[in-house]
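Here the structure comes first, spelled out in structure tokens, and everything after it is commentary.
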Amino acid sequence: MSEFAYKTNPETLVLFDVDGTLTPARLVISDEVKETLQNLRKKVVIGFVGGSDLSKQVEQLGPTVLDDFDFCFSENGLTAYRLGKEMASQSFINWIGEEKYNKLAKFILGYLSQLDLPIRRGTFIEFRNGMINVSPIGRNASTQERIDYEIFDKEHKIRENMVAALQKEFPDYGLTYSIGGQISFDVFPTGWDKTYCLQHVEKDNFKEIHFFGDKSFKGGNDYEIYEDSRTIGHAVNSPDDTVRILKETFNI
Ligand code: M1P
């Protein structure tokens, strides 16, 4: 018998993006969203799929995150947990190889060094298990610095132009560039977007898989999974919106 048999609808899985869907960008989950998820979990199987690594999701969703969700997918599912147990994962560096990665990193650092930006902080390339994350201002920016940068970036198209330059420089690398957050973009092998996590739930044979995300538009990092034929997509514009749709759809 399935471990999910105790739920009212054990054959339904509901997956959530994190930033902008369960929490405000890079901030902590509210008590209201937490309580809504607890109620939902009694009825269906729940999971999150975020671009960030697990340590960020622990900060945002809480230290008991592995117990609070049936499925936890960090880095689009490159790091995956089912009922608190880690599932097999792959790595970006094994896939790309040291030589090609070195060329890519040199180009990125050179490009960043030539940009005129009002401020810079630290950590311009974050090396993760399943991707790298590139931030012109640096990942150590404070919340206010992030907000200011996002406005500057929209006006000067810093990330958009940089992605175009990378695509031109490395046309045969098989990489996807995704501008999902406020200050950075993710770089990962094509196909390792959020749909990557769906292979981890195949064995459970869910009849319905719902996905909630705020970046479901073309070019957003929720687009592929939102549009995927295996999911029922829900586009949201805030955690409050997520709660509202959950209450309407699942009667909680
Ligand atoms: O989850 C969306 C994005 O969140 C962060 O982006 P930023 O720091 O630019 O706001 C990053 O963790 C990024 O990887 C992720 O896709």
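No lab work stands behind these numbers, since they all come straight from the coordinates. Because the structure is a prediction, the values reported are computed rather than measured. Don't worry about glycine lacking a Cβ; one is built from the backbone with ideal geometry, like all the others, and counts go over all protein chains shown.
Key figures for this structure:
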read-out	value
Dipole magnitude of segment 42-181, debye to nearest 20 (Cβ charges: Lys/Arg +1, Asp/Glu -1, about Cα centre)	100
Difference of contour (0.36 nm per residue) and Cα-Cα distance, residue 151 to residue 100	15.1 nm
Shape of segment 37-171, Cα gyration tensor, a/c cut at 1.5	oblate
Residue order, fewest to most surrounding Cβ atoms within 10 angstrom, among 45, 201	201, 45
Filtered trypsin sites (Lys or Arg not before Pro), segment 169-210: DSSP coil and at most 13 other beta carbons within 10 Å	207
Prolate/oblate/rounded call for segment 158-252, Cα gyration tensor, a/c under 1.5 rounded	oblate
Exposure proxy ranking, count of Cβ atoms within 10 Å, fewest first, for 1, 131	1, 131
Gap separating the Cα centres of segment 12-74 and segment 189-252, nearest whole Å	13
Gain upon complete extension [residue 87, residue 170; 0.36 nm per residue less C-alpha separation]	26.7 nm
Under 5 Å, built H, 5+ apart or other chain: amide partners of residue 14	45, 46, 47, 210
Top of 205, 221, 76 by mean-square fluctuation, Gaussian network on the chain, Cα under 10 Å	205
Dipole magnitude (debye, nearest 20) for the chain, charges at Cβ of Lys, Arg, Asp, Glu	200
